[in-house]
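Step one of this worksheet: look at the structure below.
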Amino acid sequence: MTFHIRGLDADAFAPLFLLDEGRLQAMGARRVYADQADAYPCRISLTRVAEGEELLLLNHAHQTNAASPYRAAGPIFVSRSARTGSYRGELPPIFRDRLLSLRAYDGNAFILDAEVGEGEDVLRLIDRFLADPKVAHVDAHFARRGCFAARIERA
């Protein structure tokens, strides 16, 4: 089954980079600079940013259905210079070497199935979940820290 993984909309976060440290702190966000390459997974580009790159660490609501017990938000990194990444039928760079938790949701944001996997296992799990017509989308999380990574939908 063909799937699509798209990063978050860069335009939604651009105004936040203009805020000073006090305003960021008041909203529970923090400006950070990547102190090493390959360590900060940007949820816009779905890549890891280069050393020295400016990012925001902030809380993001990714499962917003108020009627669902699985309503959820959590920390993400977004890069100032990122452009929205789009991946069809392939895993984005931030997925390729990480243990992921995949959660398959129905149209009411209720979990139907969930599993963890790495690499090729992730592709098999995506295919299995999206083959079920009751599954509306799959959310990927980094399994070790539990942070939202991206949403996976049918292409």
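Derivation of every value follows stated rules applied to the coordinates shown; laboratory data play no part. Since the model is a prediction, treat every value here as computed from it, not as a measurement. With ideal geometry, Cβ positions are generated from the backbone for all residues, glycine too; neighbour counts draw on all protein chains shown.
Annotations
- Where only alpha carbons of the stretch 3-77 are counted, the Rg and the Dmax (Å): 13.6, 41
- Springs between Cα atoms under 10 Å define the GNM used for the chain, and in it the highest mean-square fluctuation of Thr84, Thr64, Thr47 occurs at Thr64.
- Of Ala39, Ala82, Ala66, the residue with the greatest mean-square motion in the GNM of the chain, using alpha carbon springs below 10 Å, is Ala66.
- Rounded to 10°, Cα long-axis angle of helix 120-131 versus longest principal axis of the chain: 60
- Restricting the trypsin sites (Lys or Arg not before Pro) of the stretch 59-155 to loop positions (DSSP other than H, G, I, E, B) with no more than 12 neighbouring Cβ atoms within 10 Å leaves Arg83, Arg96, Lys134, Arg144, Arg145.
- Radius of gyration and Dmax over the Cα atoms of the stretch 3-154, both given in Å: 15.5, 47
- Estimated 222 nm signal from helices in the chain, with DSSP H stretches of n ≥ 4 weighted -39500 (n - 2.57), rounded to 500: -3500 deg cm²/dmol
- Each Lys and Arg adds +1 at its Cβ and each Asp and Glu adds -1 at its Cβ; summed about the Cα centre, the stretch 1-123 shows a dipole of about 380 debye.
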